[in-house]
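Structure first, then comments.
The values are calculated or read from the model by the stated rules, or taken from the named source; none is laboratory data. These numbers come from a predicted model, not from an experiment. Methodologically, a virtual Cβ is constructed for each residue, glycine included, from the backbone with ideal geometry; neighbour enumeration extends over all protein chains shown. Calculation scope for accessible area: heavy atoms of the full protein, side chains included, ligands and nucleic acids excluded. Shrake-Rupley method; radii C 1.70, N 1.55, O 1.52, S 1.80 Å.
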2 protein chains.
Amino acid sequence: LPKLEAYDKSLPYSYALGMYPCQTLLDSRPGIASRLLLDETAARGEGIDGLRSRCAELGIRHEAAARVLRRESKKHNCYAALVFDKYVDTLCAEASHVVLHQLSDAGNMGTILRACLGFGVKDIAIIRPAADLFEPHLIRASMGAAFAMRVAMYDAFEEYRAAYPNHALYPFMLEGATPLSEAALSGVKPYALVFGNEGRGLPPDFARLGQAVVIPHSGAIDSLNVAVAVGIGVYVFTQGRSD
Amino acid sequence: LPKLEAYDKSLPYSYALGMYPCQTLLDSRPGIASRLLLDETAARGEGIDGLRSRCAELGIRHEAAARVLRRESKKHNCYAALVFDKYVDTLCAEASHVVLHQLSDAGNMGTILRACLGFGVKDIAIIRPAADLFEPHLIRASMGAAFAMRVAMYDAFEEYRAAYPNHALYPFMLEGATPLSEAALSGVKPYALVFGNEGRGLPPDFARLGQAVVIPHSGAIDSLNVAVAVGIGVYVFTQGRSD
């Protein structure tokens with residue numbers, strides 16, 4: 001078996017660290033899992049045993065790899081991981097999307113994927129430069145949600161737009177003209193909710209691309225954390241409306 | 001001047017790292033700032049100069065301390081910080097509260113404070129064991145919001161409740177009986193929105209303390225990230241209602 005390298009963006013594989021991400025991976029994309037890594041010194045609980053037997057059924061071999069688990073998780077309480085092959089997704093043209101424009105923080109991005117999946121938005125466009133979708137920390141912050149969704153990467157917003165020209169665009173901006181509750185009530189489906197970078201937000205010209213939405217908040221803060229903003233935006237668009 | 005120690009919970013002071021947290025500190029609690037730390041090798045921009053002159057007016061001395069800035073921020077792009085004395089707050093009894101029960105992640109807690117302040121909930125109860133409010137990473141994740149709010153710590157939920165017995169309690173729980181939108185519509189003021197630990201949520205008996213609220217989401221995810229859940233809960237309670 002080839003030696004498992006420290007994760008790097010250029011590798012063709014990555015690591016799903018921890019029980020929950022492993023389970024989601026096996027539920028959603030069993031074909032991409034290649035090796036089950038276990039910390040054999042850890043107490044064997046039901047979770048680990050279940051994972052082992054599922055992998056055995058799928059023909060995925062398991063191996064003792066405590067050192068790799070510690071190296072990739074940077075923690076001492078990660079007892080299982082799956083090595084998986086990276087993949088490329090295409091978005092569903094009929095479904096609503098969330099577009100993440102140049103988000104740089106892997107933790108934010110994982111948290112966002114988890115919230116979007118929870119609210120039923122399963123198609124995510126990532127506009128580069130952005131955090132690496134397959135970075136183990138992002139996959140872990142998503143609790144494996146990344147595997148249960150379609151996530152596609154684009155080098156520019158125009159490239160995404162050319163592929164999906166008919167979605168009603170709702171760029172979320174501090175200077176947006178329409179409050180979220182109002183935008184959601186009149187929201188046209190399928191829609192694309194567009195969110196910008198942690199520090200910079202969206203470039204001003206995005207206001208002209210669709211109906212610019214603001215989540216009203218007091219001037220006591222500069223802005224909301226982007227994962228919180230996406231969570232609120234997707235919640236209100238999916239649940240705060242009557243249809 | 002005494003040597004500045006590496007931050008530790010037991011120290012009587014902490015560090016507000018970065019321009020925005022420093023500004024919020026000076027706006028909200030100028031009396032607790034004792035020393036302005038600057039990276040004198042950094043290009044002096046308007047922000048740094050403004051901070052220096054404000055500190056000079058307030059009688060806060062500045063000093064070159066690039067090494068302390070790097071040590072405390074663990075980054076190379078932190079050019080200014082204020083040393084501040086820790087303080088104790090009391091909550092406003094007439095205002096609505098957010099109660100954070102045993103949250104352990106400093107980043108989540110900072111993100112939550114920022115969102116609460118943005119939506120006008122300025123009184124936060126923290127039930128221990130919990131992340132240390134004054135940890136520099138928490139203050140930074142809050143973008144200094146912590147300084148512009150009242151945050152009080154309690155050793156048990158009962159202690160908080162004894163101090164504020166009249167707030168209508170809304171514990172947020174996966175097994176909550178009332179959907180958020182419904183709970184918010186009938187919400188009684190002042191209210192206390194109660195959120196549990198990242199991994200465990202709230203203990204089951206919290207359901208009996210008030211009207212248990214659920215943020216409906218699909219079974220494809222285990223739970224929402226707690227900062228996202230608080231953001232949605234506070235948004236809907238403060239803005240999704242007509243009064």
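See the values below:
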| quantity | calculated |
| --- | --- |
| For the stretch A:1-153, share of DSSP beta bridges that run antiparallel, in % to the nearest 5 | 45 percent |
| The protein assembly as shown: C-alpha gyration tensor shape, a/c 1.5 cut-off, then a/b vs b/c | rounded |
| Theoretical FRET efficiency, 1/(1+(r/R0)^6), r = Cβ-Cβ of A:Glu46 and B:Ser218, R0 22 Å, to 0.05 | 0.35 |
| Between helix A:46-58 and chain A: long-axis angle, C-alpha atoms, 0 to 90°, nearest 10 | 90 degrees |
| C-alpha long axis of helix A:226-239 to longest principal axis of chain A, angle in ° | 70 degrees |
| Inter-probe distance in nm under a simple model that places probes 7 Å from Cα toward Cβ, at A:Lys189 and B:Tyr87 | 4.9 nm |
| A:Glu182-A:Ser53 FRET efficiency (beta carbon distance; Förster radius 56 Å; 0.05 resolution) | 0.60 |
| Cα gyration tensor shape for the stretch A:9-72, rounded if a/c is under 1.5, else prolate or oblate | oblate |
| Position A:Leu209, label points 7 Å along Cα→Cβ, spacing to each other copy in nm (shortest first, one decimal) | 4.3 |
| Estimated D of chain A in µm² per second, where Rh is the Kirkwood radius over Cα pairs and Stokes-Einstein applies at 4 °C, 1.567 mPa s | 68 µm²/s |
| The protein assembly as shown, helix-only ellipticity at 222 nm - DSSP H runs n ≥ 4, -39,500 (n - 2.57), divided by all residues, nearest 500 | -9000 deg cm²/dmol |
| Between helix B:19-28 and chain B: long-axis angle, C-alpha atoms, 0 to 90°, nearest 10 | 70 degrees |
| Gain on full stretching of the segment that runs from B:Asp27 to B:Ala168 - 0.36 nm per residue minus C-alpha separation | 47.6 nm |
| Net lengthening on full extension, B:Leu209/B:Asp155 (0.36 nm per residue, minus Cα-Cα) | 17.7 nm |
| Largest-first ordering by accessible area, 1.4 Å probe, given options A:Ser53, A:Ser96 | A:Ser53, A:Ser96 |
| Built amide H within the under 5 Å cut-off of A:His62, gap 5+ | A:Leu36 |
| Fraction of antiparallel bridges per DSSP, the protein assembly as shown only, in percent to nearest 5 | 30 percent |
| Per-residue ³J(HN,Hα) for the stretch A:136-150, Karplus 6.51 cos²θ - 1.76 cosθ + 1.60, θ = phi - 60°, Hz, x for Gly and Pro | x, 5, 5, 4, 5, 5, 7, 6, x, 3, 3, 6, 9, 10, 10 |
| Long pairs among A:Lys9/A:Lys122; B:Lys3/B:Lys86; A:Lys74/B:Lys74; B:Lys75/B:Lys122; A:Lys3/A:Lys74; A:Lys74/A:Lys122, criterion Cα-Cα beyond 21 Å | A:Lys9/A:Lys122; B:Lys75/B:Lys122; A:Lys74/A:Lys122 |
